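I have placed the structure first, in the form of structure tokens, so that the comments after it can refer back to it.
The values are calculated or read from the model by the stated rules, or taken from the named source; none is laboratory data. Here the structure is a predicted model, which is why all the values come from computation and not from measurement. Neighbour counts run over all protein chains shown; Cβ positions are idealised from the backbone, glycine included.
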């Protein structure tokens, strides 16, 4: 959940999202001498993040600017992404959550087109689609990422704008 009135669009959540999933990239950051921590505008963060805080495009409501929004999976009851995936990479579980099984994904993009919330993204470098999974443990070929303590984005948000509900 995003409280847009508290969000400063600092990008810490997006950096945490990438860092927790790809620890090998954590110190890579912007090219230059020595390791540099990833920054929100680094290409690797923009490419591999699983959630997106979208800034309004100059929209205004009355006399106030529009507030930022969060592009994240809402686990639709009808799950159009699950229906269109030709490789069964998206699965809807009994508890209602929709998971993307990355090793099954071929990156065809059918789910991206089907998602009404723009919550599924293409990661060109990995040739797959990704979506937020609340930092559930993930296995991918040759790389097991144990994630503990809930979503990394919620833990690092300096203003408390992100929460689990």
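Just a few scattered comments:
- Lone unmet requirement of (1) in contact with a strand residue (DSSP E or B) (Cβ under 7 Å, 6 or more places away or on another chain); (2) within 30 Å of residue 94 (Cα to Cα); (3) at pLDDT below 85 for residue 13: (3)
- Selection count where residues are under 15 Å from residue 72 (Cβ atoms), touching a strand residue (DSSP E or B) at 6+ places or on another chain (Cβ under 8 Å) and at pLDDT 85 or above, scope the stretch 116-140: 8
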